[in-house]
1. Going through the range 18-36 one residue at a time, which ones are more than 23 Å from the chain's Cα centre (by Cα), of a type outside the set (D, E, K, R) and assigned to a helix (DSSP H, G or I)?
2. Taking only the range 16-39 into account, find how many residues are in contact with a helix residue (DSSP H, G or I) (Cβ under 8 Å, 6 or more places away or on another chain), of a type in the set (G, A, S) and modelled with pLDDT under 90.
3. Of everything in the range 6-15 that's touching a helix residue (DSSP H, G or I) at 6+ places or on another chain (Cβ under 9 Å) and assigned to a helix (DSSP H, G or I), which residue is modelled with the lowest pLDDT?
4. Could you give me the residue pairs with C-beta distances under 7 Å whose first residue belongs to the range 17-39 and is touching a residue at least 60 places away in the same chain (Cβ under 8 Å) and within 18 Å of Y108 (Cβ to Cβ), whose second residue is open to solvent by 10 Å² or more (accessible area, probe 1.4 Å) and acidic (D, E) wherever it lies, and which are 6+ apart or on separate chains?
5. Quick one: is F91 over 22 Å from C126 (Cβ atoms) and either of a type in the set (F, W, Y) or crowded, with 16+ Cβ neighbours inside 10 Å (or both)?
6. So which pairs qualify, if the first residue must be in the range 112-137 and within 21 Å of L82 (Cβ to Cβ), the second must be among the β-branched types (V, I, T) and open to solvent by less than 60 Å² (accessible area, probe 1.4 Å), the Cβ gap must be under 7 Å, and the two must be at least 6 apart or on different chains?
7. Does V43 satisfy being in a loop (DSSP other than H, G, I, E, B), in contact (Cβ under 8 Å) with a residue 12 or more places away in the chain, more than 23 Å from A109 (Cβ to Cβ) and of a type in the set (V, I, T)?
8. Answer yes or no: is there a residue in the range 80-102 that is within 21 Å of A159 (Cα to Cα), among the acidic types (D, E), at pLDDT 90 or above and under 17 Å from the mean Cα position of the chain (by Cα).
Amino acid sequence: MSNKIRMPGQERREAIIAAAITLFSQKGFRGTTTREIAAAVGVSEPVLYQHFTTKSELYAAIIEYKSMEGEAKFGHLLDSALESDDDHTFFATLGTIIIRWYTEDPSYARLLLYSALEGHELSTLCYERQGKHLHRKVSERIRRRIEQGAMRETDTLLAARAFIGMIAHTAQAAVVFHSRLLDSANLAKDLESMIDIFLGGLSRNQKGKK
């Protein structure tokens with residue numbers, strides 16, 4: 001008797017994407033075969049190829065799937081915070097989103113690390129689809145606050161990358177690398193300290209700055 005699973009086309013497609021994310025995050029791209037992905041879903045390789053004729057299609061689908069998932073989960077939080085002129089609230093919301101991104105989906109974070117280390121196209125696809133978009137939004141928000149006189153003049157894109165990178169590195173060290181120097185349970189407390197450091201650097205009242 002066949003043990004292959006019968007499911008609707010869209011459900012099967014999403015199951016393939018989920019299985020690919022899990023396997024890629026555990027074994028990397030070079031260490032994962034299409035046979036293993038198909039087996040994890042309970043379908044044959046020919047069925048897998050009906051949904052994704054090439055690995056590139058599968059990689060693009062992963063990015064699209066995770067982008068839509070992230071937008072559904074965090075989009076309204078970020079958009080609401082972007083409209084606020086309360087700097088601490090904005091960066092607290094942004095930082096919380098980044099931390100949740102790591103803590104709620106560590107497999108995807110590991111997947112992207114694999115893609116970067118292996119020189120894989122997925123890392124570039126992810127940055128083009130997600131990273132640049134977030135950096136641009138935060139940069140524009142900082143520019144608005146500079147024009148309102150709340151922050152000193154600076155390279156807004158660099159400032160956006162600095163804050164996002166600071167939070168992402170901390171969350172990555174705690175959640176992905178399980179650093180003994182960081183405790184994922186204390187990330188919220190660490191976030192408050194990092195916001196104070198960051199906003200202190202951008203404040204127009206910073207000593208020695210004009």
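The values are calculated or read from the model by the stated rules, or taken from the named source; none is laboratory data. Computed from a prediction, not measured in an experiment: that's the story for all the values here. Neighbour counts are summed over all protein chains in view; Cβ atoms, including those assigned to glycine, are modelled from backbone coordinates with ideal geometry. Accessible surface is based on the protein model in full, side chains and every heavy atom, while ligands, DNA and RNA are left aside. Shrake-Rupley method; radii C 1.70, N 1.55, O 1.52, S 1.80 Å.
1. Scanning the range 18-36 gives a single hit, T34.
2. Selection size over the range 16-39: 2.
3. In this case the residue turns out to be G9.
4. G28/E118; F29/E118
5. Numbers: over 22 Å from C126 (Cβ atoms): yes; either of a type in the set (F, W, Y) or crowded, with 16+ Cβ neighbours inside 10 Å (or both): yes.
Taking the combined requirement at face value, the residue satisfies it.
6. From the range 112-137, the pairs are R129/I63; L134/I164; H135/I164.
7. yes
8. No: the range 80-102 contains no residue that is within 21 Å of A159 (Cα to Cα), among the acidic types (D, E), at pLDDT 90 or above and under 17 Å from the mean Cα position of the chain (by Cα).
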